[in-house]
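*Asks:* Got a structure here, written out as structure tokens. Questions coming.
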Amino acid sequence: MKTNTKKITILAMLSALAFLLALLFHYLPIPPMVPAAPFLKFEPKDIVIVIGGFLYGPLMVVPMALVVGLLEMPLSATWLYGLIMNVASTCAFACTAAFIYKKRRAISGAAIGLAAGVIVTTGVMIPLNYLITPFFMGVPRHIVVAILVSGIGLFNFVKYALVAAITMQLYVPLKTALVKAKLIAEPEETAEKQTKMNTTSILVSALVVVACVLGILYLNGIIFT
């Protein structure tokens, strides 16, 4: 199979998987993390999209985000507003992470990229929610402002921290499987280096998950209120 054909095939498969995850989590009875903003729910499609960015570079994130966003749009009551927000948040996270990983092709580079992606996405989505959310919620802007940082901002931080932690656990096994299937080239990191970094990533990811669980409990008013 030619390189370009392999690339298009894998990106199409990843896009399809991302949409299936979005579809699954849309119909699962998952309560909103921010009661005042019920449209904010956790769904893991960006795990798949950022892995596509790690494999093929940050520019590949944009078409994946657009395709999945368009497929997902009919599921959302927010339609065009939801598409804009979905594509913006996905690109802010996955493009940032993939760009840094491209510059530093190691598991440590992936970790730094994912952490930067969490921060960039949280920062980007605050002004974007300020501008757009009042329109599709049908409420005055001051109501959105009241939950902008402690609600929407914290939600995006917790959501993408969870996405980053899960990505750290899935990326190396998935990349190894693709290498064995001869769908991508041999990774640059040695097996010994991967093992050391995987141990570190497991510990860091576990801490991130604990912090995110505490954040979810806070968002729902269960603790620290």
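*Asks:* Please compute, over every Cα-Cα pair in segment 51-165, the percentage with a separation greater than 21 angstrom.
*Replies:* Summing the P(r) of segment 51-165 above 21 Å gives 40 percent of all pairs.
*Asks:* While we're here: Measuring with a 1.4 Å probe in the full set of protein chains, what accessible area per residue, in whole Å², belongs to segment 73-164? Present the calculation step by step, with values, prior to reporting the outcome.
*Replies:* On the way: 3870 Å² over 92 residues.
Here the per-residue accessible area is 42 Å².
*Asks:* In whole Hz and in residue order, list the ³J(HN,Hα) couplings for segment 117-125 that follow from phi through the Karplus curve 6.51 cos²θ - 1.76 cosθ + 1.60, θ = phi - 60°; x for Gly and Pro.
*Replies:* Along segment 117-125, the couplings run x, 4, 5, 4, 4, 4, x, 5, 6 Hz.
*Asks:* While we're looking at this one, here's another question. What is the diffusion coefficient of segment 39-109 in µm²/s, taking the Kirkwood radius over Cα pairs and the Stokes-Einstein relation at 20 °C with a viscosity of 1.002 mPa s?
*Replies:* Details: Rh = 12.4 Å.
After rounding, the answer is 173 µm²/s.
*Asks:* Roll a 1.4 angstrom probe over the protein heavy atoms and tell me the percent of accessible area of segment 1-112 that is carbon or sulfur.
*Replies:* Heavy-atom surface of segment 1-112 belonging to carbon and sulfur, 1.4 Å probe: 74 percent.
*Asks:* Right, another one. At what distance in nm do the modelled label points of residue 169 and residue 41 sit from each other, each positioned 7 Å from its Cα along Cα→Cβ?
*Replies:* Output for this residue pair reads 2.2 nm.
*Asks:* Write down the Kirkwood hydrodynamic radius of segment 35-74, to one decimal in angstroms, obtained as one divided by the mean of 1/r over all alpha carbon pairs.
*Replies:* Details: mean 1/r = 0.0882 Å⁻¹.
About 11.3 Å for segment 35-74.
The values are calculated or read from the model by the stated rules, or taken from the named source; none is laboratory data. Just so it is clear, the structure is predicted and the values come from calculations on it, not from any experiment. Note: ideal-geometry Cβ built from the backbone for every residue, glycine included; neighbour counts use all protein chains shown. Quick note on the areas: whole protein, heavy atoms, side chains included, nothing else; ligands and nucleic acids left out. Shrake-Rupley method; radii C 1.70, N 1.55, O 1.52, S 1.80 Å.
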